[in-house]
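What follows is a short report on a single structure.
The values are calculated or read from the model by the stated rules, or taken from the named source; none is laboratory data. All values derive from a computational prediction rather than experimental measurement. When we count neighbours, we look across all protein chains shown, and the Cβ atoms used for this are built from the backbone with ideal geometry, even at glycine.
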Amino acid sequence: MLLARPPASGAPVFQKSITCAAERSVFRRPAGDAALVRAAYERFAEPADLLRRARELSSRTIILDVEPLVAYWDTGQEALDAGIAAILGEIGADSHVSVVCFATNADRRPSADRGASGSGGPRVVYLASAHKPFWIAPYRDFPRPGVVLGDQVATDGILARRLGYTFLHYCPDLTHVPPGPRLMYELGRPLETLLFRRH
């Protein structure tokens, strides 16, 4: 599967058809952290599968990496707003989901009317310049269980580990991924072995 550039309409990658392929793993926090926490890890090739799996797990908190799951790296405001709207539309009024958090290390923000919670829906939080995985204070009051959906072990995966959340790892074909994220992906490969224990 190729990580295709979004169509001209700005439709987010979550609108792709669902084809599930996952691997499960677990890891424990290393000595020096406050507690040992057993957490789950699943790997997916299709972005739509991550959101579906998050809902299957009855997650009360869903944290999504913005690029590329909500909008592609070099897209503009319209694509970001459309991606957020599409994901919130997918989640709808799911009774299990209390918080949907969009988090990006970039200084990229939605339009003023895109970050508010809809009536009867989950609380919606948008974090720009989120400093993943170092800054975890904004997530501390989110209800459990939770999941982190993202493409980078070095940021999203470690954030999930620090929060004790399930990490749903998006692993695209890297052909069309920009050089910066591609390098981060390669740097994160050794961390999979160190942090995640295969069944």
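Within this structure, D74 fails the test of being in contact (Cβ under 8 Å) with a residue 12 or more places away in the chain and crowded, with 23+ Cβ neighbours inside 10 Å. Among the residues of this structure, V100 counts as one that is modelled with pLDDT of 90 or more, hydrophobic (A, V, I, L, M, F, W, C) and outside any loop (DSSP other than H, G, I, E, B). For segment 46-63, a residue qualifies if it is closer than 22 Å to T104 by Cβ, surrounded by fewer than 20 Cβ atoms within 10 Å (Cβ to Cβ) and small (G, A, S), and exactly one does: A48. Counting only strands (runs of 3 or more DSSP E) wholly contained in segment 116-199, no element carries 3 or more residues that are more than 22 Å from L57 (Cα to Cα), modelled with pLDDT under 75 and of a type outside the set (D, E).
Tally the residues that are free of Cβ contacts under 8 Å to residues at least 12 places away in the same chain and of a type in the set (V, I, T), restricting the search to segment 129-149. Number satisfying all stated conditions: 0.
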